[in-house]
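Student: Take a look at this one; I'll ask things after.
The values are calculated or read from the model by the stated rules, or taken from the named source; none is laboratory data. Bear in mind the structure is a predicted one, so any value in this text is a computation, not a measurement. Every residue, glycine as well, gets a Cβ built from its backbone with ideal geometry; the counts of neighbours run over all protein chains shown.
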Amino acid sequence: MKSIITLIRFISAVVATLAFGIPTLILKPFDRRGKIFHAFGRGWARVILWICGIRIKVRGLDKIEPGENYIYVSNHASLFDIPAVMAGIPDQIRIVYKQELEKIPIFGWVLKYGPFVTIDRRKSFSAMRSLELAAERIKYGASVLLFAEGTRSTDGRLQPFKRGAFSLAAKTDKPIVPVTINGSYDRRPKGKFLINPGVIELVVEEPIPTIEGEGKQFEVSLMNRVAQAIRTHFKEPATI
């Protein structure tokens, strides 16, 4: 029975992705700053989460200032992380995502042709160009989200962080906001078919200034501070 319900949810999610994705792609030539894309994307995220029986609980939104641009850095354990952040944080966020996601029909195409930023982890030059593009997004009035671990966790636990997000912060002087995502792995563990309804919690921490330093040592220091902030609120998945 659970498999049938999950299949119905998948089909409904595909229909919703088409309903939001096609108009988004059609309107792209008239959306240079990506605001229409973001509005459709946030609507899509809410609908997808509703279809899957997932509720979002957010703590710490009072710590971010409306109109300010940030570099959000979070852990990553599920495909639900992107819609959870888009639905839960009221900011013009552009996701920095791994190139492999573009292989997903419809969803991947919208990512590729939208204002989000793709990163090819296999090529250092391409990865650096992606960070430069993310910096340009910030200059145009958007915030960005990077997953600090670089890829999804296979077991829901925290993985070692990579320096990319912190290199971007040092380049732009924009504050870093640690975001802890809890519960997304339990909603759909990697490699599993079933979707488990429930709650995904986002914990937004105090922005960390980046204007006072530069260089590798400063980036490593930032990384350690963000890692500690995320570990403070992180809850081990119940499905481990």
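Student: If you scan the range 164-218, which residues turn out to be under 23 Å from L61 (Cβ atoms) and among the small types (G, A, S)?
Tutor: Within the range 164-218, A165, A169, G183, S184, G198 meet the criteria.
Student: Something else: Out of the residues in the range 7-58 that are touching a strand residue (DSSP E or B) at 6+ places or on another chain (Cβ under 8 Å) and assigned to a loop (DSSP other than H, G, I, E, B), which is farthest from P197 (Cα to Cα)?
Tutor: G34
Student: Out of I230, I195, I181, I need the residue that is under 30 Å from L49 (Cα atoms), part of a strand (DSSP E or B) and not charged (D, E, K, R). Which one? Write out each step before concluding.
Tutor: Numbers: I230 fails: part of a strand (DSSP E or B); I195 fails: part of a strand (DSSP E or B).
When all the criteria are applied, what remains is I181.
Student: How about the range 125-163: which of its residues are at pLDDT 80 or above and among the basic types (K, R)?
Tutor: If the condition is that a residue be at pLDDT 80 or above and among the basic types (K, R), then R152, R157, K162 are the ones that fit.
Student: A further question follows. Here are some conditions: (1) farther than 21 Å from Y185 by Cα; (2) without any contact (Cβ under 8 Å) to a residue 12 or more places away in the chain. I4 meets all but one. Which one does it not meet?
Tutor: (1)
Student: Follow-up. Quick one: would you say R225 is loosely packed, with under 13 Cβ neighbours inside 10 Å and in a helix (DSSP H, G or I)? Quick ask: steps written out before the conclusion?
Tutor: Numbers: loosely packed, with under 13 Cβ neighbours inside 10 Å: no; in a helix (DSSP H, G or I): yes.
Considered against the rule, which asks whether it is loosely packed, with under 13 Cβ neighbours inside 10 Å and in a helix (DSSP H, G or I), R225 comes out as no.
Conditions (1) surrounded by 13 or more Cβ atoms within 10 Å (Cβ to Cβ); (2) farther than 19 Å from K103 by Cα; (3) under 15 Å from the mean Cα position of the chain (by Cα), marked per residue:
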site: S3; (1), (2), (3): no, yes, no
site: T6; (1), (2), (3): yes, yes, no
site: I11; (1), (2), (3): no, no, no
site: I26; (1), (2), (3): no, yes, no
site: I36; (1), (2), (3): yes, yes, no
site: G41; (1), (2), (3): yes, no, yes
site: V73; (1), (2), (3): yes, yes, yes
site: L79; (1), (2), (3): yes, no, yes
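Student: Is at least one residue of the range 51-70 at negative phi, surrounded by 20 or more Cβ atoms within 10 Å (Cβ to Cβ), in contact with a Cys (Cβ under 8 Å, 6 or more places away or on another chain) and of a type in the set (F, W, Y)?
Tutor: Among the residues of the range 51-70, not one is at negative phi, surrounded by 20 or more Cβ atoms within 10 Å (Cβ to Cβ), in contact with a Cys (Cβ under 8 Å, 6 or more places away or on another chain) and of a type in the set (F, W, Y), which makes the answer no.
Student: Just wondering, is there one or more residues in the range 225-236 that are within 17 Å of I89 (Cα to Cα), at pLDDT 85 or above, charged (D, E, K, R) and within 19 Å of the chain's Cα centre (by Cα)?
Tutor: Among the residues of the range 225-236, not one is within 17 Å of I89 (Cα to Cα), at pLDDT 85 or above, charged (D, E, K, R) and within 19 Å of the chain's Cα centre (by Cα), which makes the answer no.
Student: Let me ask something else about it. Can you confirm whether the range 98-108 contains a residue that is within 17 Å of K171 (Cα to Cα) and modelled with pLDDT of 75 or more?
Tutor: At the first step, the residues of the range 98-108 found to be within 17 Å of K171 (Cα to Cα) are none.
No, the range 98-108 contains no residue that is within 17 Å of K171 (Cα to Cα) and modelled with pLDDT of 75 or more.
Student: Right, here's the next one. Condition first: crowded, with 20+ Cβ neighbours inside 10 Å and under 23 Å from G88 (Cα atoms). Can you find one or more residues in the range 204-219 that meet it?
Tutor: yes
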